[in-house]
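The structure appears right after this line, and notes come after that.
Just so it is clear, none of the values below were taken in a lab; they were calculated from the coordinates. Bear in mind that the values here come from a model prediction, so they are computed numbers and not experimental data.
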Amino acid sequence: LRVLERLEDLRRWRAGAAEPLGFVPTMGYLHEGHLALIDRARAECATVVVSIFVNPLQVGPGEDFDRYPRDRQRDLEHCRQHQVDAVWLPQASEMYPPGFSTFVEVRGLDERLCGRFRPGHFRGVATVVAKLFHQVQPQRAYFGEKDYQQLLIIRRMVRDLDMPIDIVACPTVREPDGLARSSRNAYLTPEERRHAARLPAALRHGLQLIEEGERDPRRVVAAVEGELAAQVGWQPQYVEILDAHELTPLDRLRGEVVLAAAVYVGQTRLIDNVRIVVP
Ligand code: AMP
């Protein structure tokens, strides 16, 4: 496992790396969700690079940049065990030198869901991922459906800016009780953790209504909102059901749709989503 901390070292190493090169960008504190992406890359690519970078540009004021969980040694151990070839650990000072002033904005897709509540978040994500892509120069990059809006935004960026990279989507990895794996689950108190799977359960209930024939998006949203609001100590931020490709609202459900929610469980913001093709 090569551990690379300077762009110069990454570039030198990259020049001799076998292709296709698969890339898994992360913010670290690796869990089974990340490892599924890494294993998929390992199975499909000659070389696998994982980046670990808690990106200050995508974390808003009052969000959790300072307390975001970090464990470098454990992350490197996971990477070793999963046959990663190189870990890229950019320094914030090299990523954003003084006077940094170039940003990538993917318009439209950032207007709903998390984009409404985290201004500048997806601009920060698109900018750092564009930079990481230029640095690492992968043929394939692996992203989780857990962050569905992010996945669509990266796909659109790659298309719009002619980046020769295949974006590979990987299904959400869940805990046995259904809670989506997330580094932020570490913030939950044991009591909060016990009830956290009510979020995916509420989304599944929404899916069930659609499967039973409901075609009015407002009724599906109201049912999911009702379940989330019924949990003590929870503050739902949004529940939305949108076209799964354009993230636009629908009058009646048809085609592939995504049902997504964000909720504060105490101090911890959890997101999740499910998709369904409506006949
Ligand atoms: P993060 O470290 O949270 O920025 O996530 C890095 C990558 O791992 C992103 O592409 C995420 O969508 C993906 N990821 C995070 N959690 C999961 C999960 N539970 N299942 C699948 N992919 C995930």
Long-range HN-HN contacts of residue 237 with modeled amide H, under 5 Å = 262, 263, 264
Two decimals is fine: what's Rg over Rh for the chain, C-alpha atoms, Kirkwood radius as Rh?
-> 0.97
Starting from the amide H of residue 170, placed 1.01 Å from N in the peptide plane, find each other amide H under 5 Å away whose residue is 5 or more places distant or on another chain.
-> 143, 144, 145
Computed over the chain: relative contact order in percent, which uses C-alpha pairs under 8 Å that are six or more apart = 17 percent
